[in-house]
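Working notes, structure below.
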Amino acid sequence: MDSNSKVRLFSDFTDAYLKWEGDIAKRALECMRIQYPLWLEPVEPDDLCAGRGEFDDELGFTPQALVNKFCYYFDEEKAERLLADASLSDECRCRFAEIAAFWKTEDSACKLRKSYSSAVSSLLPSDDWKGEAGCAFPLYRMSGTQLDYDKLLRLGIPGLKQELSRFADERPECRKYYEDAAAELDYVTEVMRWYAGSLRGSENENLNTIAGILDALCCRAPETMREAIQLSYLYCQLAGSLNFGRMDEYLGDFLAMDIEAGRLDRELAINMIGRYWKLIEKRGRVYDSRLTIGGKGRRNEKNADRFALYAIEAIRQVRCVAPQVTLRFYSGQNPELADAAMAAIAEGCTFPMLYNDDVNIPSVASAFGVSNEEAVGYIPFGCGEYTLYHRSVGTPSGVINLMQILLEVLKRRSYDSYEDLWQAYVSEIGKYMAVLAEQEICEYRFAGAAAPFHLIGILYDDCLERAAAVFDGGVRHLGGTVESYGGTNAADSLVVIRNFLFDSAIMTQGEMVRILETDFTGNEVFRQKCLSMPKYGNDDDIADDIKTAVDRAVCEAAIDSGKKVGLDSYLVVFINNDANTVLGHYTGASPDGRHSGLPLANGNAPSGGCDRKGLTALLNSMLKPSTRIHAGAVQNLKLSGRMFSDGCLLKTRALLDTYFASGGAQLMITVVNRGDLEDAMLHPENYGNLIVRVGGFSARFIELGRDVQEEILSRTLY
Amino acid sequence: MVSGLVFDIQRCALHDGPGIRSVAFLKGCPLRCLWCCNPESQSAERQLFYHSGKCLSCFGCVGVCPAGALRAGTEGVEIDFGLCVSCGKCGKICPAGAIGLYGYEMTAEEVVVEFERDAGYYASSGGGITLSGGEPLMQAEFASEILMLSKKKGWHTAVETCGTVPAVSLSTALPFADLFLLDFKLSDRELFKEYAGGDYGMMMNFLEVLAASGKEIILRTVFVPGVNDTSNHAEAVAALCRKYPCIAAVNVMPLHDYGKTKYTDIGRPVPEIYGNLPNEGQVDRWLSLLREAGIENVKKG
Ligand code: SF4
Ligand code: SF4
């Protein structure tokens, strides 16, 4: 869209926003109807279906924009660029200047910040976690919704509308709620017709087919896998959800019917799924785009398994960095799924990621405070945070940097004993957790008051029964999560602190602080001593016990804080994207021997290069921290290709099986060879297909920043 | 409590017997093979090492050495290995782990406690524990005790041996070992003396006793081009396999030089023989020679 048209659209958007100020449902609906031609992209000739788009414009409305913004968001930087655009007419420029001035303070994140209590404002003074040092930061987003696609596909848009009108008849006092929800479904239909209109009569057969599918979906529920994909994909996009639920369950029956009817065979089906992966990848949300296959609790296990197998085969064929395909498994599951997954991983695919139901179901039950039956519906989203499938939300709206907090505690005052210092550390974590939990609930309240997000609520349990918007009392389980980083470095640092300052008292706290403040300059000898102390990841009880204690402290602080603010759960996640690297930039030298500015350890992994005792020792260490007190801890494992060679494969399988049988919750395995990585840093152009898992997301190695690449190289390869 | 000198325990070993294994490396070896990849294993005593690459030139070690073995040099520490009395003081003070002693005392129980950490992996993979070295049977009592305690735990046990120890050393270990990885380097009495410094007759006697027990044996044959890649040697290996049916397999271990820095670290010159490493083609040719000689179960590794 050209810049002048864009400004006119923003003008309409802003007018609608003001006009419907008193009716948040109507306001959201009208804004969505105005903005869709901007953010939705045209269908490309080889796309499997319509509906791709991204919220990366200057202004818009969505649960989670690409930048750290939500609801009615305004991107100032982008707006400045648009204002400077030479192609703008004078009239449009003036109008946009007005619009920008208005949104500068009307932006939801900005308004949210203004609503903070003084405690929250003072401990979370900045949200610029990518540009400033800090102990904790808020994140603005309503992310991690996992919709009931099964229901969507069973009923179709017309069926959902009927359901709403039945509700409206039964509960006339809530009629407006149901009518507003139905109006959002009409918006979906409107978009389908708009797309169909743009494609109909095209010379390209694929585009014509899509037009036909969209037309059909306006009037009925889907009948084929392709129709089902189209509807679920478009709905997901329009609802502003970024995750795709238990896909094998909701597409498995369609696949079976297509095969039965001769519309698809294995090859065609895999090809179609592969095209779907490519479409998802095109949007580029590598931190999100989660979909789950396998696991307990699927109503149609046989058909779902078939879809799951094809989905894995499609990964092998397409080799994409999104979607983040996640395999849940349990003892007794069809072994073909795990076999296929291992074969894909052995070939260098980073997906599927492996999630062990036998551990995760009881862990989630305990962490979320729900029954095992309910915990069967656990599902990871984004970088690995668990929610309950279409029953809970748990948006990660805060970041805590445990290493930074420890450094501040160390600088603040002197301590008589290790216990004294530990207590100070735990209480400081608690202080930050309290405000993070408060900001989380503020954010939910803000979102609940800003818009009903009916497209989400329609596919969430309880919202319709309660006639309540998802973030305004509708969702059954209102949880929250907080991303925790630096815990491993903090634990390794505490080992050094305890020994150097207290047990063997070889130096004073002041000396240690001074050396850290100068980033060990002139004190390499001391740094080496720090490095030589026990480190998490070597099955060393001293280091692992402290890591376990740090995990417990931060998890319990979150749980307590969540209770105090009235969340159904508030849980830590030890996930990772590249935040460990970004936060590390602004985190000073640490007593574990880490230089200032270097990455923090990643997920639940040891610090780079610190695991030296072999794979079993690493796995044993990773098994020690409790899985029952948080909402997901990413366990990365990088294995060399030779682990999957004929001679080793059975041993590697036994290794992984033992880890899972001993309580291992998950693994994200990357198969790479050190030679590949080093060469890739020299000649990135030759490695377009080299995929490396960095924490909870997968990306092509050559697309990662230099420091991330170096961090990967520094991690031990087995 | 029986104790002995260990210089390393490796976990998650995938190439020292079946399944996933933990391997304890015991110090001391009667042989002096010219190609040895664990030169630090040879001496039965604690022994000084110095990794120059890790040294920070703080010279803390120089000050504590009671023997005057260490001197501050322009590029790190200058060492007179001959003067070292293995007191270990330098290793205690070194911040970088750059200097210290190879070999530390452990009781058999302590070794088994370390092994125990990976017991779950042994069970699921059909793995177990392996004693290597050095020559583990140089510390026969210690080795036997570890094996016995491991058997009590129900683990599969393996011993990697050069076979050049008195048969009596074998007999104490024999009841508690399931598998022997026998390093069979050279089949010529003279060459064995020349290249490995060993007594061929003693090894043959060892093999005789071992084979009589019926325990499973895997022959590990190091492949050193120009030294033992002869058809005579291939024939001899084949003859052994025919003679002793308990030899279940032959593994060819191509010569490598991964251990070369360890020589420098203990003050020894890097073996000249490392100048002639085998390439893939040579290894393949050697493998086919062995197969032609009639050995069925032979592979690399
Ligand atoms: S104490 Fe260690 S680091 Fe210092 S000079 Fe000696 S060997 Fe080098
Ligand atoms: S072990 Fe003792 S004698 Fe040998 S170099 Fe070290 S300090 Fe000197």
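The values are calculated or read from the model by the stated rules, or taken from the named source; none is laboratory data. This one's a predicted model, so the numbers in the text were calculated from it and none came from an experiment. No Cβ is skipped: glycine too gets one built from the backbone with ideal geometry, and neighbour counts run over all protein chains shown.
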Notebook entry, point to check: Which members of the range B:54-77 meet the condition of being touching a residue at least 40 places away in the same chain (Cβ under 8 Å) and assigned to a helix (DSSP H, G or I)?
Noted result: B:K54
Check: Can you pull out the residues in the range A:233-266 that are in contact with a Ser or Thr (Cβ under 9 Å, 6 or more places away or on another chain), part of a helix (DSSP H, G or I) and farther than 22 Å from A:Y460 by Cβ?
Finding: A:F254, A:M257, A:D258
Next item on the list: Would you be able to say whether some residue in the range A:358-372 is closer than 30 Å to A:T587 by Cβ and touching a Cys at 6+ places or on another chain (Cβ under 9 Å)?
Entry: yes
Next item on the list: Kindly check whether there is at least one residue in the range B:81-93 that is away from chain A (no Cβ under 14 Å), away from ligand 1 (no atom under 16 Å from the Cβ) and not acidic (D, E).
Entry: yes
Next item on the list: Select from the range B:1-54 the residues that are touching a Cys at 6+ places or on another chain (Cβ under 9 Å) and aromatic (F, W, Y) and list them in ascending order.
Entry: B:Y50
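Can you list the strands (runs of 3 or more DSSP E) lying wholly within the range A:357-472 that have 2 or more residues being under 30 Å from A:S331 (Cα atoms)? Step through it out loud before you land on a result.
Details: elements: A:378-381, A:385-388, A:396-401.
By residue number, A:378-381, A:385-388.
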Next item on the list: State whether the residues of the range A:179-190 include one that is more than 23 Å from A:I24 (Cα to Cα) and at pLDDT 95 or above.
Entry: no
Next item on the list: Give the number of residues within the range A:590-646 that are of a type in the set (G, A, S), within 14 Å of another protein chain (Cβ to nearest Cβ) and either surrounded by fewer than 22 Cβ atoms within 10 Å (Cβ to Cβ) or out of contact with any Gly (no Cβ under 6 Å at 6 or more places or on another chain) (or both).
Entry: 7
Check: Which condition number does B:F115 fail, the rest of (1) within 14 Å of chain A (Cβ to nearest Cβ); (2) closer than 30 Å to B:L277 by Cβ being met?
Finding: (2)
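Output the residues belonging to the range A:482-505 that are within 14 Å of chain B (Cβ to nearest Cβ) and either assigned to a strand (DSSP E or B) or under 37 Å from the mean Cα position of the chain (by Cα) (or both). Don't jump to the end; show me each part of the working.
Taking the range A:482-505 and keeping what is within 14 Å of chain B (Cβ to nearest Cβ), we get A:496, A:499-500, A:504.
Matches in the range A:482-505: A:V496 only.
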Next item on the list: Identify, from the list B:G53, B:G97, the residue that is modelled with pLDDT under 95, closer than 30 Å to A:D592 by Cβ, within 14 Å of chain A (Cβ to nearest Cβ) and more than 9 Å from ligand 1 (Cβ to nearest atom).
Entry: B:G53
Check: Somewhere in the range B:33-47, is a residue more than 14 Å from chain A (Cβ to nearest Cβ), within 16 Å of ligand 1 (Cβ to nearest atom) and not hydroxyl-bearing (S, T, Y)?
Finding: yes
Check: within 14 Å of another protein chain (Cβ to nearest Cβ), in contact with a helix residue (DSSP H, G or I) (Cβ under 9 Å, 6 or more places away or on another chain) and more than 29 Å from A:I441 (Cα to Cα): does that describe A:P534?
Finding: yes
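Of these, B:G53, B:G60, which one is away from ligand 2 (no atom under 16 Å from the Cβ) and outside the structural domain of B:I217 (by TED's automatic domain parsing)?
Checking each option against the conditions leaves just B:G53.
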Checklist line | Enumeration of residues in the range B:56-75 that are near ligand 1 (Cβ under 6 Å from one of its atoms) and either on the phi > 0 side of the Ramachandran plot or within 30 Å of the chain's Cα centre (by Cα) (or both) | finding: B:S57, B:F59, B:C61
Note to self: Just the residues that are closer than 24 Å to A:C71 by Cβ and among the aliphatic types (A, V, I, L, M), please, taken from the range A:136-159.
What the structure shows: A:A136, A:L139, A:M142, A:L147, A:L152
Notebook entry, point to check: B:F25: within 15 Å of ligand 1 (Cβ to nearest atom), within 30 Å of B:F184 (Cα to Cα) and within 21 Å of the chain's Cα centre (by Cα), yes or no?
Noted result: no
Check: What single numbered condition from (1) of a type in the set (D, E, K, R); (2) within 12 Å of ligand 1 (Cβ to nearest atom); (3) within 30 Å of B:I129 (Cβ to Cβ) fails to hold for B:E105?
Finding: (2)
Item checked: Index of the failed condition, B:G17 passing every other in (1) closer than 30 Å to A:N620 by Cα; (2) within 15 Å of ligand 2 (Cβ to nearest atom); (3) within 14 Å of chain A (Cβ to nearest Cβ); (4) crowded, with 22+ Cβ neighbours inside 10 Å -> (2)
